[in-house]
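Colleague: The structure follows.
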Amino acid sequence: MKRVEKKEFLELIADSRPAQQEAIMADEDLVVVNAGAGTGKTETLARRYAWLVTTGRAKFNQILTLTFTEKAALEMRERIRMRLRNWYKQLSNQGNFQHLYEAIDNLDEAPISTIHSFCMRIIQKASLYFNIDPNIRVISSPEEFGFWNNLQNILSRNDWNWFDENVSDPVWRSRLSVLNQEPFFLLLNHGGADGLVQLVNSLTDLFGSWGEKPEWLWQKGERVERDWEEIQESLLSWYAPEWDKEWSFWIEQILPLIGLRGSSKVIDTFIDFNLKWHNRPDKRQLPYFMSDLIDSLAAIARSSRNAVYLKIQDQLLLSRPFQSMIEYRNQLKEKYIRLIDILCGKGELTEDLRCRQLLIQSSAIFWHIWEEFKKKKSVLSFNDMIAYAGEAVKRYPTLTAQYCSIMVDEFQDTDLLQESLIRNIVQNNQASLFVVGDLKQSIYRFRHADLSIFHQYIQETQYNPEGGRHIVLSESFRSRDDLVSEMNSLFSFIWKDGLSQKILHEYEPLQVPNELSWWEERSTSVSAPHLRFLFLGNTDQPTKETEKRCLLTRYLADEVNNLVGKAIVWDKAEKKARLCQYRDIVILVPTRTFYKPLEQVLQDELNIPVIFVTDVNYFSRGETLDAVAYLKTVVDPQDDLALANYLSSPFSGLSLAEVHDLFVNADKSCKNGWLWKNLQEQYPNFCEKLIDLNQKMKLTGPASILSELLKESSHLKAIPRSLRRRVAVNLRRAIDLAREYENTIGNSGLGCTRYLQDAILKEVKSEEANPVGEEEDVVRVMTIHSAKGLEFPVVALFGLEYTPYRRPRNKFQSSRELGAITRYFPDYWEMNGQPHVESDVDFPSFFIEQQLQQAEEVSEQQRLFYVACTRAQDTLILSGVCPISNGEIVIKPKTWLSWVWDWIEKERNEDPRQYLIKFFPGYQDSLFISTSKANEEMEGGMELPRQPLPRLQRLTATAYAFYRFCPHAYRMRYRQGITLPWELPSDDEKGGADLGNMVHWILAQWDFNEQSLNHWLPLHQDKFLEIKSQLSIELRPFLNTNQDWEKVKIWLTNLSQSHLGLSLQKNYNDQKLEREKPFEIKINGGLVLAGIRDLLWKDEQGVHIIDYKTSSPDESVFPLYREQMYFYGLVAQKQYPGLPIHLGLYFVRENLYQKIHDLPTEDKMMLQVGAVAQNAASQGSFQPAIEKCPSCPWKNHCSFYSTKE
């Protein structure tokens, strides 16, 4: 094998930056790379791998590469593959590099994986050496959920025999006695069975990530007093410097200056104080000093006119401007008094320790039972995988003997157990270790990532060259110059004292690669603003937090509309500038609780194309509830409640009117099964189908039954189009959950239904599947954690005011330092021989835990803020609601908003209030409207307050058409959420709305030439798969192999041969057609008109707009379609002033083109649109268009029509 000479190799990495080259070529046994955001760490890792292989330092199967997500592992493998291929081409004419070809050819077998996948392979290998089941697997969600749910039920019904049956170890059996004592029952009643189970689950996850076992937790319960002493010592060390400064300030500065002579209350108080604390106190005395200082200041509070008091006040003002004595004292008291009392021994410490010991040791018992359960089932948790692999590696080093080089990505997210495993592999093999991370991007503390691990590695190499090499990657290839400069200024200000109390690491500013040939173009060609502030302050708007956030969202939406199609952004992949698209924009939120106002405004109100990524409300979604009701009905059709829920869902295929009739007319004399009996009488075929499904489920399991919901395309047709893709992917997730249950527990439909129903009742947080691909042109809304590793041209951070420091709801809480804590005394807890009623004063341990967590939380929030801001390539929008108190802006401390506010004020030397939102022209009126003169004034001339204007901010073509057709129909669809299908199916139509969706998709791609039609039709299985791969994700559920594609071929062939088709062919060839193109225009008053036109082109005759209809012509809905086309006509008049507008409908099935005549004048349409925008948002009665009732296609859904009848 030829070793590449240095000169040859330098040519391979000539395009890498100097710091990257240093990292790629480093030969030290330990290389620690501190890589800032956007500095190319993934590419550096890939090139490092390729360098090791190319230079012969390691073979491809000797380099262990570990990541923390499957996505990162896949990206790493592909980056390495691409780099090896490129280098092989460059070197192929310089000698024999067969080893490179071998590496490329076998890269799929290379150990590049997540740390958990690697551990599973080690465990499977280790089963040959010691007692591990070779079929061991990761525990499934149903199994894990089932165990904890069962434990909760056992505790709720006090079934203590269960513990005897499930604990076989003699030592642990002897410990069960703690569960059968009065104090444990009081604790159980205090926090509830659910609270206790949540605590145990949390403890097993936390301490399992440390590699600890139940025995360790039991012993921790034995040493609660010693742990408390260690915590006190740590707290004293933290606060001693602050308190020592207070001693120096008073004893060495203030009191010597004022001259304590004479006699008064103030003088006597401070003479005594000075005598007592004249000598500098040691660390343990400082809490007592602070206690005396606060008491002394309180004692002289009423002596504000005393001369000595005034002297002290003057000296205080000199050192602390704008702070009076009272304010100073209150600040000390608020900040320290509870902590001081605890450190001085005040508080119920004895009972606190007693409660904690019982909580910890009972939790240890339940943890032991959990371990026994997993052992019997031969399953592992994720922590178990790493612990078992670590033990195997330690006992049998040969398991990893092949690795001579270890590379770890995102090392800042490592926990103790993972680091121990990596260290053992390195030590066993004397392998080199190359780790990459960023202290500033450690945001997974909730997963027990330990930032101090990476910090120790940095210190080991930064200050000790013999320990290895420390390299900093600081050149960001992500963000433009101006934005990098702003972010450096902001975070240098936030981290001026270091990254946290524990880690005093300086902020390392990002640089920009100015020397790169394309960088100047990258920075100067962008027209979008680099930094924007949107602060909502004191307005006349409603003061509820949710309403303010909705208002802020409307302004944010305006920012989005001002960017899309107007601003220039940089396309990093193509290395060129282009117009901004929706997919270039991401809105980041601190938590998913901020989804609600964004969803309400962007999606429901303004109809902006938006997707909410990784929402965790899967088990509260309507389609999930309906799917479980369907499954429960199949299990037991005579369950009246389940059957009623299923029949009322879109999945039943029955209209709400039909379901209503079933309920009203049913004979309810039967106690159970009355609804089923009535259903059998009125819909026997429907019931036979349910019985068939019941029999099928007994043979095939619940997953196949849920699959039937996707086979019936008419179910999705009854759901609003904007929700169909979400519903489709959530149904697939239900199928996956059922299949997981089958694979790990069994085929019981009843058991699976109970599992899903329990998850619903317990409001289990579970992520929804992502229904869109990366190229979908939609705005993405996601949490900052979900955005880690991603980048976007435009980042809008929503929710700067977020305050994460809230007290937990659960009365029990896990603690890294204290093990487990409870907040208050349980009711009737015996103290000094007397039962004690629950107190509202925190236990000392609870208060201390809150202090410890708050300090860590502040540090993590700063890092989270950094991650959010550094996702931006071109534009960063910082938005938040400024809290108002007594009409004044009061920024809460330790929030993102407070840091930004202070930075603007102190570093930018600007008044942050200048960035408060000002209503843009017409927008104030769009939010508020004056009432009529008669209602504005009362006797005496008093003005009534203005009421919120009932006016939509965004009006779509469909909403406008519905309101113009019948206001009551609009109300049913948009206010009540009743599904009113836009296009009505024909009796003989096969495929329904799914077929219509597919025909629209074909018409948006096809060139209207008969010869090319077969390319777009899935007439054969191979073509079906090819077309499916081209479809956007939301359309894939609608592609069905059993649809009548031959009939579609006839329809489209007729179109291609028609006069219209020939005209479209010509315009297609001349590149004049605009197809499925969304539009948005803002008209007077800020109203946005929006929609999607099927087809538009311009020629010498004017502007032509056509809308396809896959249903048959129907006179009853023609007025609806006509109003939709008039809306398109108005938009065209605005976009193409002075040109004639030609409107038409094309009915695909009949090959019929129908012109729309008599387009109203622009002025008339503006009046009509304005009236609809105002009336549709009102709280009025939405009077029906009675003259249309007899022929209305939705009369069976209409409460007014049924009442009239």
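The values are calculated or read from the model by the stated rules, or taken from the named source; none is laboratory data. Computed from a prediction, not measured in an experiment: that's the story for all the values here. Every residue, glycine as well, gets a Cβ built from its backbone with ideal geometry; the counts of neighbours run over all protein chains shown.
Colleague: Pairs please, first residue from region 722-749 and assigned to a helix (DSSP H, G or I) and of a type in the set (Gly, Ala, Ser), second anywhere and at pLDDT below 85 and crowded, with 20+ Cβ neighbours inside 10 Å, Cβ atoms under 7 Å, 6+ apart in sequence or on different chains.
Modeller: From region 722-749, the pairs are Ala728/Leu716; Ala728/Pro1037.
Matching residues to (1) touching a residue at least 60 places away in the same chain (Cβ under 8 Å); (2) of a type in the set (D, E, K, R); (3) in a helix (DSSP H, G or I); (4) not assigned by TED's automatic domain parsing to the domain that holds Val560:
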| site | (1), (2), (3), (4) |
| --- | --- |
| Phe847 | yes, no, yes, no |
| Gln850 | no, no, yes, no |
| Gln854 | no, no, yes, no |
| Gln862 | yes, no, yes, no |
| Ser879 | yes, no, no, no |
| Pro893 | no, no, no, no |
| Arg908 | yes, yes, no, yes |
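Colleague: Also, I was wondering about something else. Can you work out which of the residues in region 388-437 that are over 35 Å from the mean Cα position of the chain (by Cα) and among the aromatic types (Phe, Trp, Tyr) is farthest from Leu451 (Cα to Cα)?
Modeller: For region 388-437, the residue satisfying everything is Tyr396.
Colleague: Would you check which residues across region 843-898 are of a type outside the set (A, V, I, L, M) and under 19 Å from His530 (Cβ atoms) and list them?
Modeller: Phe865, Tyr866, Cys869, Thr870, Arg871, Gln873, Asp874, Thr875, Ser879, Gly880, Trp896
Colleague: Further, regarding this structure: Being modelled with pLDDT of 90 or more, among the basic types (Lys, Arg) and not assigned by TED's automatic domain parsing to the domain that holds Met407: is that true of Arg121 here?
Modeller: Against the criterion (modelled with pLDDT of 90 or more, among the basic types (Lys, Arg) and not assigned by TED's automatic domain parsing to the domain that holds Met407), Arg121 does not qualify.
Colleague: Here is a follow-up. Out of the residues in region 499-541 meeting the condition of being charged (D, E, K, R) and within 24 Å of Arg578 (Cα to Cα), tell me which one is nearest to the chain's Cα centre (by Cα).
Modeller: Arg532
Colleague: Still on this structure, I have one more. Would you mind finding the one in His448, His455, His470 that is out of contact with any Gly (no Cβ under 6 Å at 6 or more places or on another chain) and on the phi > 0 side of the Ramachandran plot?
Modeller: Numbers: His455 fails: on the phi > 0 side of the Ramachandran plot; His470 fails: on the phi > 0 side of the Ramachandran plot.
Result: His448 is the single residue among His448, His455, His470 that is out of contact with any Gly (no Cβ under 6 Å at 6 or more places or on another chain) and on the phi > 0 side of the Ramachandran plot.
Colleague: Can you tell which of Lys276, Lys245 is basic (Lys, Arg), surrounded by fewer than 17 Cβ atoms within 10 Å (Cβ to Cβ), out of contact with any helix residue (DSSP H, G or I) (no Cβ under 8 Å at 6 or more places or on another chain) and modelled with pLDDT of 75 or more?
Modeller: Lys245
Colleague: Can you give me the number of residues within region 1044-1061 that are modelled with pLDDT under 85 and not in a helix (DSSP H, G or I)?
Modeller: 1
Colleague: Would you mind listing the strands (runs of 3 or more DSSP E) fully within region 559-612 where at least 1 residues are under 20 Å from Ala868 (Cβ atoms) and within 19 Å of the chain's Cα centre (by Cα)?
Modeller: In region 559-612, the matching strands (runs of 3 or more DSSP E) lie at 585-589, 610-612.
Colleague: Let me ask something else about it. Quick one: what pairs do we get from region 960-973, first residue in contact (Cβ under 8 Å) with a residue 60 or more places away in the chain and buried (at least 22 other Cβ atoms within 10 Å of the Cβ), second among the β-branched types (Val, Ile, Thr) and assigned to a helix (DSSP H, G or I), C-beta under 6 Å, 6+ apart or different chains?
Modeller: Tyr960/Val1172; Tyr963/Val1172
Colleague: Check Ile386, Ile326 and return the single one that is in contact with a Ser or Thr (Cβ under 9 Å, 6 or more places away or on another chain) and buried (at least 21 other Cβ atoms within 10 Å of the Cβ).
Modeller: Working: Ile326 fails: buried (at least 21 other Cβ atoms within 10 Å of the Cβ).
Exactly one of Ile386, Ile326 is in contact with a Ser or Thr (Cβ under 9 Å, 6 or more places away or on another chain) and buried (at least 21 other Cβ atoms within 10 Å of the Cβ), namely Ile386.
Colleague: Let me ask you something else. Determine which single condition Val526 fails, assuming it passes every other condition in (1) surrounded by fewer than 16 Cβ atoms within 10 Å (Cβ to Cβ); (2) assigned to a loop (DSSP other than H, G, I, E, B); (3) β-branched (Val, Ile, Thr).
Modeller: Answer for Val526: the failing condition is (1).
Colleague: Still on this model: So, in region 108-122, how many residues would count as being assigned to a helix (DSSP H, G or I), of a type outside the set (A, V, I, L, M) and under 27 Å from the mean Cα position of the chain (by Cα)?
Modeller: Start the filter on region 108-122 by keeping residues that are assigned to a helix (DSSP H, G or I), which leaves 108-109, 115-122.
Next, only the ones that are of a type outside the set (A, V, I, L, M) stay: 108-109, 116-119, 121.
Okay, now just the ones that are also under 27 Å from the mean Cα position of the chain (by Cα), so 116-117.
Of the residues in that region, 2 qualify.
Colleague: Name the strands (runs of 3 or more DSSP E) wholly inside region 1085-1190 in which the number of residues that are surrounded by fewer than 16 Cβ atoms within 10 Å (Cβ to Cβ) is 2 or more.
Modeller: 1088-1099, 1152-1156
Colleague: Restricting to region 348-360, name every residue that is in contact (Cβ under 8 Å) with a residue 12 or more places away in the chain and farther than 19 Å from Gly192 by Cβ.
Modeller: Within region 348-360, Glu348, Leu349, Glu351, Asp352, Leu353, Arg354, Gln357 qualify.
Colleague: Next question, about the same structure. Would you confirm, using the coordinates I've provided, whether Pro1119 is in the same structural domain as Gly1170 (by TED's automatic domain parsing), out of contact with any helix residue (DSSP H, G or I) (no Cβ under 9 Å at 6 or more places or on another chain) and within 24 Å of Glu1187 (Cβ to Cβ)?
Modeller: So Pro1119 fails the test.
Colleague: Another question, then. Only one of (1) surrounded by fewer than 20 Cβ atoms within 10 Å (Cβ to Cβ); (2) without any contact (Cβ under 8 Å) to a residue 60 or more places away in the chain; (3) among the hydrophobic types (A, V, I, L, M, F, W, C) is not met by Ala449, so which one is it?
Modeller: (1)
Colleague: Right, next: Looking only at residues in region 639-688 that are under 40 Å from the mean Cα position of the chain (by Cα) and of a type in the set (D, E, K, R), which one is nearest to Thr753 (Cα to Cα)? Even if it seems obvious, please write down each step before you answer.
Modeller: Start the filter on region 639-688 by keeping residues that are under 40 Å from the mean Cα position of the chain (by Cα), which leaves 639-660.
Next, from what is left, pick out any that are of a type in the set (D, E, K, R): 639-640, 658.
Working: Asp639: 13, Asp640: 16, Glu658: 27 Å.
Checking each candidate, the answer is Asp639.
For every residue, the table says whether it meets (1) in the same structural domain as Ala449 (by TED's automatic domain parsing); (2) in contact with a helix residue (DSSP H, G or I) (Cβ under 6 Å, 6 or more places away or on another chain); (3) in a loop (DSSP other than H, G, I, E, B); (4) within 25 Å of Gly437 (Cβ to Cβ).
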{"site": "Asp15", "(1), (2), (3), (4)": "yes, no, yes, yes"}
{"site": "Ile24", "(1), (2), (3), (4)": "yes, yes, no, yes"}
{"site": "Gly38", "(1), (2), (3), (4)": "yes, no, yes, yes"}
{"site": "Ala46", "(1), (2), (3), (4)": "yes, yes, no, yes"}
{"site": "Ala50", "(1), (2), (3), (4)": "yes, yes, no, yes"}
{"site": "Gly56", "(1), (2), (3), (4)": "yes, no, yes, no"}
{"site": "Gln90", "(1), (2), (3), (4)": "yes, no, no, no"}
{"site": "Asn96", "(1), (2), (3), (4)": "yes, no, yes, no"}
